[in-house]
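The values are calculated or read from the model by the stated rules, or taken from the named source; none is laboratory data. If you're wondering where the values come from, they're calculated on a predicted model, not measured in any experiment. Neighbour counts are summed over all protein chains in view; Cβ atoms, including those assigned to glycine, are modelled from backbone coordinates with ideal geometry.
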Amino acid sequence: MSGLIDWAADLIYPNRCPSCDRFIPWDRLFCEECESAFEERSFCPKCGMNVCVCESRELYYDGCAVAAPYLGEIRRGVLALKYHRGFNAAKYFAPRLCRLIDEYGFSGGADIITAVPMNRARRAQTGYNQAEYIAKLISKRISVPCDFKLLKKKLSSAIQHELSAEERMKAAAEAYSPYKNKSLAGKTVILCDDIITTGSTLSECAKILKSLGAKKVYCAVISGTVLDGADKNKGSGKIVGT
């Protein structure tokens, strides 16, 4: 049924590759050229970084699955997801992300799936939260319910990609708070987002979820920025591909 709906929708809104914006068949998510150029990287299943910082940084989440590196055509696809309703990128990487969630043991005993929140002004501007969209795709695949009334984000003028690792940690600590003081006593939560850079945002959100009683918080992220390892002890090495 979903295939028939996609076919019909393509007649009105022709399908486009989220990386290069070229028209593609209704049943594809990226064009063949962009898909063939996707790069592979490995990420630590604990901290979610390609240069592990587990020994040098305190992170409040208990593990992090990252589907792809934030590089090249993947980066362009994720930016389309983030700003231009390029949902194909989320649909493409969600199955891989679910496989990693299962492989790392995050889904066993998971009670709730949630997402990094967006402030009201940004939500009004874009009309959607890409992290929630990712969470819904995962929820359907692993049969764990979503709850997006756990965290909220305050208005902030800081532009994340212009901040250092230390500044990101400080900004994240000031930006997020509980949506309601809902009890998560003994619960295991999967926290979703589109990109992980230093882990500061995910860690702060996980800290809040644990303050509400969550036993474990695992993260599921579409893409991870790639560090060159120049300063792995602080998690602030040069970011490649941004």
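Things worth noting here:
- Subset of region 112-167 (residues that are at pLDDT below 95 and among the β-branched types (Val, Ile, Thr)): Thr126, Ile159
- Of the residues screened, Arg22 is one that is exposed (fewer than 14 other Cβ atoms within 10 Å of the Cβ) and either modelled with pLDDT of 95 or more or in contact with a Leu (Cβ under 9 Å, 6 or more places away or on another chain) (or both).
- Among (1) at pLDDT 95 or above; (2) over 18 Å from Ala94 (Cα atoms), the one test that Glu55 misses: (1)
- Per-region count, region 36-62, residues of a type in the set (Gly, Ala, Ser) and surrounded by 21 or more Cβ atoms within 10 Å (Cβ to Cβ): 1
- Within this structure, Gly77 passes the test of being touching a residue at least 40 places away in the same chain (Cβ under 8 Å), assigned to a helix (DSSP H, G or I), within 17 Å of Cys17 (Cβ to Cβ) and touching a helix residue (DSSP H, G or I) at 6+ places or on another chain (Cβ under 6 Å).
- Test: residue in region 6-17 that is surrounded by fewer than 17 Cβ atoms within 10 Å (Cβ to Cβ), of a type in the set (Ser, Thr, Tyr) and part of a loop (DSSP other than H, G, I, E, B): yes
- The criterion of at least 3 residues that are in contact with a helix residue (DSSP H, G or I) (Cβ under 8 Å, 6 or more places away or on another chain) is met by the following helices (runs of 4 or more DSSP H) wholly inside region 82-182: 88-103, 130-142, 165-175.
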